[in-house]
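A.B. asks: Below you'll find the structure I mean.
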Amino acid sequence: MTDSTTPIRFVTGNPHKVDEVRAALDRPIEQVTFDYPEIQADTIEAVAEAGAREAYNHLGGDHPLIVEDSGLRIDALGGFPGPYSSYIEGTLGIERVWHLTEREDDRTASFVSVIAYIADDDVITFTGRVTGTIVAPRGRAGFGYDPIFEVDGRTLAERTTAEKNELSHRGQAIASFATWLDDQSR
Ligand code: IMP
């Protein structure tokens, strides 16, 4: 068990994710860069859980840690890019993803985020989800697919970190995690 002053390691190479977690979680967060292998699995929860165990074993199990895994699913494209979201962002790019979706009548998409927390060899996962619409890129904030993912008339890249956290997949996963952490320290 950890008290509320114990830093939680966040194993990620993505500084934007770290900013979002720090903005929403009232706990010290220490970024650790370790490229844990991502397993092939049916659920994003299983991928995050395996990543958390891998990182915990590698880094030594004396600090609680989290990993986070996310994915974009575009309904009209059968859930594409899903598990390939990172690869597709790096190869096709988000502008091409917009053009692939542009011709569809229904441009609904969802973003899912799973946070896996591990301490004392136990893993627990927290999932957040947001539904939106794929649009032509707008906005300069955020990262990744934010400029093409619109919710309530604004893309995620047209919001501050705090505004994005209020409704985003990651913001919701962090909120569940925060509630659980609070319960643990009662
Ligand atoms: P991963 O969870 O870091 O593997 O991210 C998968 C893909 O989704 C990458 O292309 C990220 O850039 C993208 N991604 C993850 N989270 C977000 C987000 O909050 N907004 C936009 N793109 C994201």
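The values are calculated or read from the model by the stated rules, or taken from the named source; none is laboratory data. Keep in mind that what you see is a predicted model, and the values were worked out from it rather than measured. Cβ placement follows ideal geometry from the backbone for every residue including glycine, while neighbour counts extend to all protein chains displayed. Each accessible area value is taken on the protein alone, full model and side chains, heavy atoms only, with ligands, DNA and RNA left out. Shrake-Rupley method; radii C 1.70, N 1.55, O 1.52, S 1.80 Å.
A.B. asks: Name the single residue that is farthest from the ligand (Cβ to nearest atom) among those in the stretch 80-91 being modelled with pLDDT of 95 or more and either buried (at least 20 other Cβ atoms within 10 Å of the Cβ) or not hydrophobic (A, V, I, L, M, F, W, C) (or both).
C.D. replies: Result: Thr91.
A.B. asks: Return yes when Ala41 is within 21 Å of Ile118 (Cβ to Cβ), within 14 Å of the ligand (Cβ to nearest atom) and more than 13 Å from the chain's Cα centre (by Cα) and no when it is not.
C.D. replies: yes
A.B. asks: In this structure, is Val97 among the β-branched types (Val, Ile, Thr), under 25 Å from Gln172 (Cβ atoms), within 12 Å of the ligand (Cβ to nearest atom) and in contact with a strand residue (DSSP E or B) (Cβ under 6 Å, 6 or more places away or on another chain)?
C.D. replies: Criteria not met by Val97.
A.B. asks: Take the residues in the stretch 128-139 that are of a type outside the set (A, V, I, L, M) and within 13 Å of the ligand (Cβ to nearest atom); name whichever of them is surrounded by the fewest Cβ atoms within 10 Å (Cβ to Cβ).
C.D. replies: Arg129
A.B. asks: Filter the stretch 30-64 down to the residues that are of a type in the set (S, T, N, Q) and either more than 18 Å from Lys17 (Cβ to Cβ) or part of a loop (DSSP other than H, G, I, E, B) (or both), then identify the one that is least open to solvent (accessible area, probe 1.4 Å).
C.D. replies: The residue in question is Thr43.
A.B. asks: Does Ile174 qualify as being outside any helix (DSSP H, G or I) and either more than 10 Å from the ligand (Cβ to nearest atom) or without any contact (Cβ under 8 Å) to a residue 24 or more places away in the chain (or both)?
C.D. replies: So Ile174 does not fit the description; no.
A.B. asks: In the set Ala136, Ala52, which member is small (Gly, Ala, Ser) and either in contact with a Ser or Thr (Cβ under 8 Å, 6 or more places away or on another chain) or without any contact (Cβ under 8 Å) to a residue 40 or more places away in the chain (or both)?
C.D. replies: Every option except Ala136 fails the conditions.
A.B. asks: Can you name the residue in the stretch 92-127 that is without any contact (Cβ under 8 Å) to a residue 60 or more places away in the chain and of a type in the set (Ser, Thr, Tyr) and, of all such residues, is most open to solvent (accessible area, probe 1.4 Å)?
C.D. replies: In this case the residue turns out to be Thr108.
A.B. asks: Asp182 passes all but one of (1) in a helix (DSSP H, G or I); (2) open to solvent by 10 Å² or more (accessible area, probe 1.4 Å); (3) in contact (Cβ under 8 Å) with a residue 12 or more places away in the chain; which number fails?
C.D. replies: (3)
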